[in-house]
Amino acid sequence: MKRFFGSVIFALIVFAFIAKMLSNASTKTNSVPYGMDSRLPATPYLQMPERANGAIPRLLSQTGAFKSTAGLAPNDALIPYDLIVSFWSDGATKLRWISAPDERIKFTPKGEWIFPRGTVFVKTFELATNDMNPTVKRRLETRLLVCDAAGGVYGVTYKWRADNSDADLLDTNLTEAIPIETAAGTRTQMWYYPSRQDCLVCHTVNAGLVLGVKTQQLNRDFAFPSGITDNELRTWNHIGMFDSSLDEASMNNLPKLARDGDTTRSLEDRARSYLDANCAQCHRPGGTVAYFDARYDTPLAKQNLIDGRVLIDQRIDNPRIIAPHDVWRSILYMRANTTEAFKMPQLAHNEVDRKSMTLLRNWIESMDGLPVLPPPDISPRGGNFRNPVEVTLKSEPGATIRYTLDGTVPTTSDLLYEKPVQLTSPTILRAKAFKPGFKKSITVQEIFIISG
C-alpha cells in the first residue's frame, strides 16, 4: 500500500512540475508585448458613401480618414500595416492603413481574406524626387478602397496639392510629369493617377476584391506607432481582428512571402513572391486570358510557368512563359522588363522595376540549360533615311551571324555576316547569332526606309 501511495505522490509531483513548465512557457509567450493592446472600432465607411454611386467627398480631409490631413495623421481608429512584397508602383513608397468596423475579418491561412462591409483601406503614395537624396519625397496621391454595402468594392483617388494642405478627388485618370533632380540636372518621370474604373481592373471578384492584405503578406514584423515591433498577424489576432483565434505557437508555420533581398530564402521563393504580388491578381484561374497561375500558394509544378506555352509570342522563336536559362525567350520577363506597348502590367507602369528584374533574371539563369547567345546588335537602328545606309552587326566572340534582307527568319544557310551591309532601298534586315555549345540567339530585326 505504501508503495502504491508513493507512486501516486510521485506522479502528482511530476504532473505539477509539467503543469508549471507549461504555465511558464505560456507566460513567457504572452509576456512578449504586442504592437497594440486594443483597437477602436472604426465608423463603417468612415465618411464615404456605402456605394460608389453615393456622394463622394471632394476633399481627402472630408473622408474621415485623417484627423490632420496636412500632417498625414490618421484617424485614431485606423490601423497602420505593411506588406512583405509590395506591388511595384514606379518606385513610389506607400503608407497603408485599414479602417475596420466591429465585424471581424474572415481569416484563412491561404488565399484571400473576406472583409466586412464598411472596411476602408487607405494608401498614400510618395515619390523620391532627388536621386542624390532619396529622403526628399513628394506626396502624390491617396487612394481609398471601400468595401461597399453590395459586397463589392469601389476605389477613389485624391491628388495632393503642391503645399500638402489637402488632396482633391479626381473624377478621371490623369498623367503628370514629375521632375526628378539628378547629378546631371533634371529628368522627368511620368506618373499615372488611376480613375475609379481603373481600380476595378485589378480589384475583381476573382482576385478577392482586396489585394495584398492576406496571411502570406502580413506574416511579418512591423514597427507599430506604440514603438513596439511585432508580427502583424500576432497583433491583429490579439486585438480581435479575425473571426477565429490563431494559435501563436503555430504562426511560424503559416505561409510567408519572401522579400527580394532576403537571402535566407531561395531565388525561386523570392521570384515567385514577386510574381504573386505583381501578377497574381490577374494571372490565376478564371482571370485574364493566359496559360499560367502566378499565385505563390500554387505549387510551382502546377503554375505552368516553367516551359509554359504563351498566348502572344512577340515574334520570338520557341517562346515560353519562362524558358529555363533563357531570358530572351522568357516572355514573362520580356514584358515585365519594358515600358513599350507590350509591357505588363499595362496600367500605371511607366518605370521598370530594375531590382526585381535582376531577381527574375537571376532565377531564370539559375535553371538548367545551355548558355544562350544574346541577339546581335544592329547599328544604326532602323528608321527613315535619305541616303544609302551602312549597317554593322555585332555579337560575342566566337559567334557567327546569319542575316536576311527579305524579312525571313535567318538560318545557318543564309547570308554570313563578314563586313558592313550596304542598304540602298527599303529593307527588313533580320539577324541571328550561332555558336557551338550555345543555344542560338533569338532573331532581331530593323526596318530601314531609304528614300534617296
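The values are calculated or read from the model by the stated rules, or taken from the named source; none is laboratory data. Bear in mind that the values here come from a model prediction, so they are computed numbers and not experimental data. Cβ atoms come from the backbone with ideal geometry, glycine included; neighbour counts cover every protein chain shown. The protein model used for the area step is the full one, side chains on, heavy atoms only, and it has no ligands, DNA or RNA in it. Shrake-Rupley method; radii C 1.70, N 1.55, O 1.52, S 1.80 Å.
Counting alpha carbon pairs within less than 8 Å and at least 6 residues apart, what relative contact order, in whole percent, applies to the range 352-416? Don't jump to the answer; show the numbers that get you there.
Details: 39 pairs, mean separation 13.4, N = 65.
Answer for the range 352-416 is 21 percent.
Any chance you could look up the accessible area of Val310 with a 1.4 Å probe, heavy atoms only, rounded to 10 Å²?
About 30 Å², rounded to the nearest 10.
If the cut-off is a Cα-Cα distance under 15 Å, which aspartates and glutamates reach Lys106, setting aside same-chain residues fewer than 8 apart in sequence?
Asp243
Report in % the part of the accessible area of the range 343-408 that belongs to carbon and sulfur, leaving out ligands and nucleic acids; probe 1.4 Å.
Numbers: 1760 of 3690 Å².
On the range 343-408, the fraction of accessible area on carbon and sulfur atoms equals 48 percent.
Working with all protein chains in place, sort Lys440, Lys214 by solvent-accessible area computed with a 1.4 Å probe, largest first.
Numbers: Lys440 85, Lys214 20 Å².
In descending accessible area the options line up as Lys440, Lys214.
Per residue of the chain, what 222 nm ellipticity follows from adding -39500 (n - 2.57) for every DSSP H run with n ≥ 4, rounded to the nearest 500?
Working: 8 runs with 84 residues, N = 452.
Mean residue ellipticity at 222 nm (helix-derived): -5500 deg cm²/dmol.
Give me the tail of P(r) for the range 278-349 as a percent: Cα-Cα pairs with distance above 19 Å. If you can, show how the numbers build up before the last one.
Details: 775 of 2556 pairs.
That fraction is 30 percent.
May I ask which of Lys256/Lys439; Lys256/Lys302; Lys302/Lys440; Lys137/Lys256; Lys355/Lys435 have a Cα-Cα span longer than 26 Å here? Intermediate values should be presented prior to the final figure.
Working: Lys256/Lys439 37 Å; Lys256/Lys302 19 Å; Lys302/Lys440 29 Å; Lys137/Lys256 30 Å; Lys355/Lys435 30 Å.
Too far apart for the 26 Å limit: Lys256/Lys439; Lys302/Lys440; Lys137/Lys256; Lys355/Lys435.
Please compute the volume of the convex hull spanned by the alpha-carbon atoms of the range 60-192 and report it per residue in Å³.
On the way: hull volume 17.5 nm³, N = 133.
Taking the convex hull of the Cα positions in the range 60-192, it is 132 Å³ per residue.
Tell me the trypsin sites (Lys or Arg not before Pro) within the range 309-377 that lie in a loop according to DSSP and have at most 13 other beta-carbon atoms within 10 Å.
Details: sites: Arg309, Arg315, Arg320, Arg329, Arg335, Lys343, Arg354, Lys355, Arg361; in loops: Arg309, Arg315, Lys343.
Answer in residue order: Arg309, Arg315.
Could you tell me whether the range 351-414 comes out rounded, prolate or oblate from its Cα gyration tensor? Rule is a ≥ b ≥ c as square roots of the eigenvalues, rounded for a/c under 1.5, then prolate if a/b exceeds b/c, otherwise oblate.
Details: a/c = 2.84, a/b = 1.55, b/c = 1.83.
Taking the square roots of the gyration eigenvalues as a ≥ b ≥ c, the range 351-414 is oblate.
Decide, for the range 34-115, between rounded, prolate and oblate: order the square roots of the alpha carbon gyration tensor eigenvalues as a ≥ b ≥ c, take rounded if a/c falls under 1.5, and otherwise choose prolate if a/b is larger than b/c, else oblate.
Details: a/c = 1.35, a/b = 1.18, b/c = 1.15.
Note, shape of the range 34-115 comes out rounded.
Hey, can you find the accessible area per residue of the chain for me, probe 1.4 Å, expressed in square angstrom? Before the final figure, lay out each step's value.
Numbers: 23030 Å² over 452 residues.
Accessible area per residue, the chain: 51 Å².
Net charge within 13 Å of Tyr158 by Cβ-Cβ distance, Lys/Arg positive one each and Asp/Glu negative one each, not counting Tyr158 itself? Before the final figure, lay out each step's value.
Details: positive: Arg58, Lys123, Arg139, Arg143, Lys159, Arg161, Arg196; negative: Glu141, Asp166, Asp168, Asp171.
Charge balance near Tyr158 sits at +3.
Mind grabbing the accessible area of Ser379 for me, 1.4 Å probe, Å², rounded to tens?
50
Which helices, counted as full DSSP H runs in the chain, have an axial Cα extent of no less than 27 Å and a Kyte-Doolittle average of 0.0 or above? Intermediate results must be reported in sequence, preceding the final value.
Working: long enough: 2-31 (43 Å, 0.81).
Long hydrophobic helices here: 2-31.
Let's test this: bin the Cα-Cα distances of the chain at 20 Å from zero up to the farthest pair and state each bin's percent.
With 20 Å bins starting at 0, P(r) equals 20, 45, 25, 9, 2, 0.
Summing +1 for each Lys or Arg and -1 for each Asp or Glu, what net charge is found among the other residues whose Cβ lies under 15 Å from the Cβ of Ile316?
Numbers: positive: Arg309, Arg315, Arg320, Arg329, Arg335, Arg430, Lys432, Lys439, Lys440; negative: Asp307, Asp313, Asp317, Asp326, Glu340.
That works out to +4.
Largest first, what is the accessible-area ranking of Leu209, Leu127 with a 1.4 Å probe? Each step should come with its number before you reach the end.
On the way: Leu209 30, Leu127 5 Å².
These residues rank, largest area first, as Leu209, Leu127.
Whenever you get a sec, compute what percent of the accessible area on the range 31-147 sits on carbon and sulfur atoms (1.4 Å probe). Please report the intermediate quantities before stating the final value.
Numbers: 2630 of 5250 Å².
For the range 31-147, the apolar C and S fraction of the accessible surface comes to 50 percent.
Across the range 242-380, what fraction of all alpha-carbon pairs, as a whole percent, falls in each successive 10 Å bin from zero upward?
11, 38, 33, 12, 4, 1, 0
So which lysines pass the test for Lys67, namely a Cα distance under 16 Å, with those fewer than 8 places away in the same chain ruled out?
Lys123
If you average 1/r over every pair of different alpha-carbon atoms in the range 201-257 and take one over that average, what Kirkwood value in Å do you get? It would help to have the intermediate numbers written out before the result.
On the way: mean 1/r = 0.0790 Å⁻¹.
With all distinct Cα pairs of the range 201-257 included, I get 12.7 Å.
Give me the Å³ per residue figure for the convex hull around the C-alpha atoms of the range 170-322.
Numbers: hull volume 36.4 nm³, N = 153.
Expressed per residue, the convex hull around the Cα atoms of the range 170-322 is 238 Å³.
How much accessible surface area, in Å² rounded to 10, belongs to the heavy atoms of Thr172 with a 1.4 Å probe?
80
What does the charge add up to near Gly382, with Lys and Arg as +1, Asp and Glu as -1, over the other residues with Cβ less than 12 Å from its Cβ? Display every interim value, and only then the final one.
Details: positive: Arg381, Arg430; negative: Glu446.
Result for the local shell: +1.
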